[in-house]
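To start, the structure under review is shown below, and the notes come after it.
The values are calculated or read from the model by the stated rules, or taken from the named source; none is laboratory data. All of these numbers come straight from a predicted model, not from anything done at the bench. All Cβ positions, glycine included, derive from the backbone under ideal geometry; neighbour counts span all protein chains shown. Note: areas computed on protein heavy atoms with side chains; ligands, DNA, RNA excluded. Shrake-Rupley method; radii C 1.70, N 1.55, O 1.52, S 1.80 Å.
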Amino acid sequence: MKTKKFISAVMAVAMVASTMTAFSAFAVDPDAIGNGMLNAIPFSFDENNKFTSDAETFWGGDNDWFSFSLDTATKINTTIEVKNRSNGGNNAKFYLEIIDADNDNTKVFTSKDLVEKTHTLIFYLNTGNYYIHFYTEAVAEGDYQFQLQKATVEDSFDALSNNSISKASAVEFDTEYTGHLYDNDEVDYYTFDLAEEGMVTINFDSSLDDVDWKIYNSDKETVEEGTFSKTDNNEADSEISAIKSYVMTAGTFTLGIMKHDTSEKSYGNYTLSLDYLKDYNNRAVSGVFACVDVTKDGFIDARDAGAILSYYAYLSTGGKETDFNVWYETEFAE
């Protein structure tokens, strides 16, 4: 019996050793430091406001945690280079998360699957403490390295303060504002009031490919919507330079500027201004003039149509005067 017990003990030790060997082959992290939030690897930015990580390895079930602090609200340009990646099937994924340590570890951003290429992301982060978390699903393996670069924020409003209609930033007419869409800030809202009916013109310029926009009434119902696109300029490498005009009734309205889902470049700066024209000369809601007696000669004829077409040509080449009557009196009338 003692012999049997000894044999059983030996077998047990062998089984444990075998199990440990198997576990070691498939579950021991070659970079075991920083595998949890509590032992995240801290880093700081250098004198050039930059941090570059060491070359890191990811594999099935891996977690890599890093931590950093910001003493002011900051734009963070992020580059992640993924290489030597091999997948264990369609379910193998490699992700990045940004986590706000000061607000119940709220996830600020979660990436799509980081395929083998160089990824560029831009974040806007407030003052505070943050975690960067890289993790895998299934058997995704490879190498990566990341770099963070702090940049100056030039937005007219705090980028995270106007992310909902209820927190829209109030804007004035005839004033230019600078905004930014980030990977963790996909929409900005601006609110404005009309004391009486008039024509509102949206002037929008940006280096983004496409940007969606919506106008909401006081009941948060969409009254107008569309997409600003640089392809509207008929130049493949052009920037967006759009002018949209709509006749609107008196009331409070909100303009939303938001990411376009299929846009290749969906983050970046933009400038925005709104103009208001009380006497809009029968301009239709579509933004098209009704053919009226704009020359004031008692007839609706080719001269009226010519004046309107000339005004359209003026706007399409960058003209900013949204009051047709002012433009006509100064540029076109005899």
Residue in segment 245-259 that is at pLDDT below 60 and crowded, with 19+ Cβ neighbours inside 10 Å present: no
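Table: residues versus (1) on the phi > 0 side of the Ramachandran plot; (2) modelled with pLDDT of 65 or more; (3) of a type in the set (S, T, N, Q); (4) touching a helix residue (DSSP H, G or I) at 6+ places or on another chain (Cβ under 6 Å).
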site	(1), (2), (3), (4)
LEU274	no, yes, no, no
TYR280	no, no, no, no
VAL292	no, no, no, no
GLU329	no, yes, no, no
PHE332	no, no, no, yes
Regarding segment 106-118, can at least one residue be identified that is open to solvent by less than 40 Å² (accessible area, probe 1.4 Å), within 24 Å of PHE43 (Cα to Cα) and more than 21 Å from the chain's Cα centre (by Cα)? no
Under the condition of being open to solvent by 80 Å² or more (accessible area, probe 1.4 Å) and in contact with a strand residue (DSSP E or B) (Cβ under 7 Å, 6 or more places away or on another chain), which residue from segment 40-53 is nearest to LYS75 (Cα to Cα)? SER44
Among strands (runs of 3 or more DSSP E) entirely within segment 66-170, at least 2 residues that are over 15 Å from ASP183 (Cα atoms) occur in 74-87, 93-100, 128-137, 140-151
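Yes or no, residue by residue, for (1) β-branched (Val, Ile, Thr); (2) more than 30 Å from ASP158 (Cβ to Cβ); (3) in contact with a Gly (Cβ under 6 Å, 6 or more places away or on another chain):
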| site | (1), (2), (3) |
| --- | --- |
| ALA55 | no, yes, no |
| PHE68 | no, no, no |
| ARG85 | no, yes, yes |
| TYR95 | no, no, no |
| ASP100 | no, no, no |
Only unsatisfied item for LYS167, checking (1) open to solvent by 10 Å² or more (accessible area, probe 1.4 Å); (2) over 16 Å from MET258 (Cβ atoms); (3) of a type outside the set (Val, Ile, Thr), is (2)
Top-ranked residue of segment 49-65 - restricted to ones that are in a strand (DSSP E or B) and among the hydrophobic types (A, V, I, L, M, F, W, C), ranked as modelled with the lowest pLDDT: PHE58
Near pairs, Cβ below 8 angstrom, 6+ apart or cross-chain, from segment 45-63 (over 15 Å from GLU81 (Cβ atoms)) to any residue that is part of a loop (DSSP other than H, G, I, E, B) and open to solvent by 40 Å² or more (accessible area, probe 1.4 Å): TRP59/PRO30; TRP59/VAL139; GLY60/GLY88; GLY60/ALA138; GLY60/VAL139; ASP62/ASN35; ASN63/ASN35
Restricting segment 187-201 to residues that are out of contact with any Ser or Thr (no Cβ under 8 Å at 6 or more places or on another chain) and surrounded by fewer than 17 Cβ atoms within 10 Å (Cβ to Cβ), the one modelled with the lowest pLDDT turns out to be GLU196
Residue check, GLU172 charged (D, E, K, R) and either touching a Pro at 6+ places or on another chain (Cβ under 7 Å) or surrounded by 13 or more Cβ atoms within 10 Å (Cβ to Cβ) (or both): no
